[in-house]
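Have a look at the structure below, then the notes.
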C-alpha cells in the first residue's frame with residue numbers, strides 16, 4: 001500500500017480519534033476507576049506524623065504505620081463503649097428509675113443510672129404521681145445505692161467544665177448547671193425548664209456576667225450529701241412542687257426499704273440506640289460513662305463500680321474482639337483518661353464489629369467518623385465509603401501538631417486512589 005495515500009486519511013480522522021480517546025478517559029474517571037497512588041505516597045503520609053500511628057483496612061490489605069503501638073485515643077473511645085453497650089444491653093434497652101411510697105407518705109426515688117433525667121422528665125414524673133393521687137409527702141429520700149463509685153471520677157482534671165461532670169446512679173441534667181449572671185449581678189436559670197435553685201446561687205458567686213454551664217462538682221460537698229445528690233434533691237423537690245405536690249421536710253439520702261414495691265417504674269423515653277446517636281454526635285462524656293457503668297452492671301451485677309466496668313471491657317476486647325492482651329487498656333468509657341490506650345490495629349477490629357451501627361456516627365465530608373481531642377491528642381476513627389463497602393480507618397496522633405485533617409485526606413487518597421478526589 002502507498003503510505004502517501006494513508007496520510008490524508010489520518011489527517012482527516014485525527015480529530016475524531018483524539019475526541020474518542022478523551023471520551024474514554026473521561027468515562028473511566030467518572031465511573032471511579034482510580035489510578036494507583038504514586039510511588040512514595042505512604043512515605044508522604046508518614047511525614048505528617050511526629051508521634052502517632054494509623055491503620056486502614058481495605059479488604060485486600062492494610063495501609064499502616066505503627067499500627068501495633070499504643071496511643072491515647074481520646075473520644076474515639078466512645079465508639080468502643082457504644083459497641084459494647086449495644087451488644088451487652090441491646091439497641092432497645094431503656095434505663096429505669098424506680099419510685100416508692102411508704103404508708104407514712106415518704107417517697108423514695110431509686111436511680112439506676114439513667115443519663116437523661118432532665119428537668120422536663122422530673123416534672124413529668126411529678127405530674128404522673130399527682131395523677132396517681134399523691135398530693136402530700138412527708139419527705140423525699142434519694143437512693144443511689146446502685147452505684148458505688150467511692151468518689152472516683154472519670155476525669156483526671158476534675159475541672160469546673162461541664163465535660164468533667166461526675167457520674168452517678170441518680171444524676172439530673174447531666175450533672176451540669178446552666179445559669180446566667182447579669183451585668184448587675186442578678187442570677188437566673190439558663191434554661192426555661194429549670195427553676196432557679198439554691199445551689200445555683202452558690203455556684204454563681206464570683207462568676208463574671210454572662211451565660212455559664214458548669215459542672216455541679218463546683219459545689220463543696222455537704223456532710224452526708226454529695227453535690228450530685230444535692231442537685232438531684234433540689235430539682236426533684238422543685239419539680240414535684242410545681243406538679244402540685246407539697247413536701248413537709250427537706251430531702252434526704254436514704255436507701256429504699258426492701259419491703260417496699262415501686263409504685264412507678266419510669267422507663268426512659270429514648271432507646272439505647274437513640275442515646276448513643278446523641279452521645280456520639282455531641283461527644284457527651286457523661287452519657288458515655290453512664291453506658292460504661294451500665295455495662296459493668298450487666299456483666300457483674302449491682303452495684304456499678306469502675307472496676308467491674310473495666311473488667312467487662314477487658315473481657316470483651318480479649319474474648320469477643322480477639323484483641324491481644326495489652327493492646328487495649330480501658331480505664332473509662334468517654335476518652336477523658338490519658339491512661340486509656342489502644343493500638344490502631346486493635347481499633348480496626350472495633351470498627352469492623354461496629355459496621356452494623358456505622359449510621360450512628362456523624363459525617364464529615366460524607367465520611368462517617370468520630371473525632372477525639374485532648375491537649376496534644378488528635379484522633380479520627382471511622383469509615384471511607386467505597387460503593388456499598390465501608391473501609392475502616394483509625395488515626396491516632398499523640399503530638400503537639402494537629403494535622404489529622406490533612407492526614408485523613410492523604411489516607412483517603414492513598415486508599416481509594418484519585419477517585420477519592422473527584
### Task
Could you tell me which of the residues 372, 376 is touching a strand residue (DSSP E or B) at 6+ places or on another chain (Cβ under 7 Å) and either buried (at least 22 other Cβ atoms within 10 Å of the Cβ) or at pLDDT 95 or above (or both)?
372
### Message
residue 338 - would you say it is assigned to a loop (DSSP other than H, G, I, E, B) and either touching a residue at least 40 places away in the same chain (Cβ under 8 Å) or surrounded by fewer than 20 Cβ atoms within 10 Å (Cβ to Cβ) (or both)?
### Response
yes
### Message
For the stretch 110-144, give me each residue that is touching a strand residue (DSSP E or B) at 6+ places or on another chain (Cβ under 8 Å), part of a loop (DSSP other than H, G, I, E, B) and surrounded by 16 or more Cβ atoms within 10 Å (Cβ to Cβ).
### Response
112, 113, 114, 117, 134, 144
### Message
Please go through (1) at pLDDT below 55; (2) buried (at least 17 other Cβ atoms within 10 Å of the Cβ) for residue 25 and return the number of the only condition it doesn't satisfy.
### Response
(2)
### Summary
Scanning the stretch 265-275 for residues that are crowded, with 16+ Cβ neighbours inside 10 Å and touching a strand residue (DSSP E or B) at 6+ places or on another chain (Cβ under 8 Å), the one nearest to residue 127 (Cα to Cα) turns out to be 266
### Task
Write out, first by first residue and then by second, each pair whose Cβ atoms fall under 8 Å of each other, whose residues are 6+ apart or on separate chains, and whose first residue, in the stretch 170-197, is closer than 23 Å to residue 108 by Cα and not assigned by TED's automatic domain parsing to the domain that holds residue 252 while the second is modelled with pLDDT of 95 or more and crowded, with 16+ Cβ neighbours inside 10 Å.
none
### Query
Could we say that residue 358 is outside the structural domain of residue 159 (by TED's automatic domain parsing) and either within 22 Å of residue 61 (Cα to Cα) or part of a strand (DSSP E or B) (or both) here?
yes
### Task
Confirm whether residue 307 is more than 14 Å from residue 84 (Cα to Cα), out of contact with any strand residue (DSSP E or B) (no Cβ under 6 Å at 6 or more places or on another chain) and modelled with pLDDT of 95 or more.
yes
### Query
Exactly one of (1) touching a strand residue (DSSP E or B) at 6+ places or on another chain (Cβ under 6 Å); (2) part of a loop (DSSP other than H, G, I, E, B) is unmet by residue 229. Its number?
(2)
### Message
Whether any residue in the stretch 165-183 is in a helix (DSSP H, G or I), touching a strand residue (DSSP E or B) at 6+ places or on another chain (Cβ under 9 Å) and crowded, with 19+ Cβ neighbours inside 10 Å is what I want to check.
### Response
yes
### Query
When you go through (1) in contact with a strand residue (DSSP E or B) (Cβ under 7 Å, 6 or more places away or on another chain); (2) touching a residue at least 40 places away in the same chain (Cβ under 8 Å); (3) crowded, with 23+ Cβ neighbours inside 10 Å one by one for residue 382, which number turns out not to apply?
(2)
### Query
Taking the stretch 154-163 only, how many residues are in a loop (DSSP other than H, G, I, E, B) and surrounded by fewer than 19 Cβ atoms within 10 Å (Cβ to Cβ)?
5
### Scope the stretch 80-101; condition closer than 23 Å to residue 164 by Cα and either in contact with a helix residue (DSSP H, G or I) (Cβ under 6 Å, 6 or more places away or on another chain) or without any contact (Cβ under 8 Å) to a residue 60 or more places away in the chain (or both); matching residues
80, 81, 82, 83, 84, 85
### Task
Consider residue 93 carefully, then state whether it is surrounded by 10 or more Cβ atoms within 10 Å (Cβ to Cβ), at pLDDT 50 or above and in contact with a strand residue (DSSP E or B) (Cβ under 9 Å, 6 or more places away or on another chain).
no
### Message
I'd like the residue in the stretch 197-217 that is surrounded by fewer than 16 Cβ atoms within 10 Å (Cβ to Cβ) and out of contact with any strand residue (DSSP E or B) (no Cβ under 8 Å at 6 or more places or on another chain) and, out of all such residues, is farthest from residue 158 (Cα to Cα).
### Response
198
### Task
Mind checking which helices (runs of 4 or more DSSP H) fall wholly inside the stretch 244-329 and carry at least 1 residues that are without any contact (Cβ under 8 Å) to a residue 60 or more places away in the chain and out of contact with any helix residue (DSSP H, G or I) (no Cβ under 9 Å at 6 or more places or on another chain)?
272-282, 306-319
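To keep it simple, each residue is scored yes or no on (1) without any contact (Cβ under 8 Å) to a residue 24 or more places away in the chain; (2) within 28 Å of residue 285 (Cβ to Cβ); (3) surrounded by fewer than 24 Cβ atoms within 10 Å (Cβ to Cβ); (4) not assigned by TED's automatic domain parsing to the domain that holds residue 344.
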| position | (1), (2), (3), (4) |
| --- | --- |
| 46 | yes, no, yes, no |
| 57 | no, no, yes, no |
| 61 | yes, no, yes, no |
| 67 | no, yes, yes, no |
### Query
What number goes with the only condition from (1) touching a helix residue (DSSP H, G or I) at 6+ places or on another chain (Cβ under 8 Å); (2) more than 18 Å from residue 141 (Cβ to Cβ) that residue 236 does not pass?
(2)
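The values are calculated or read from the model by the stated rules, or taken from the named source; none is laboratory data. Only a predicted model underlies this, so the values are computations on that prediction, with no experimental measurement involved. A quick note on method: Cβ atoms are made from the backbone with ideal geometry, for glycine too, and the neighbour counts reach across all protein chains shown.
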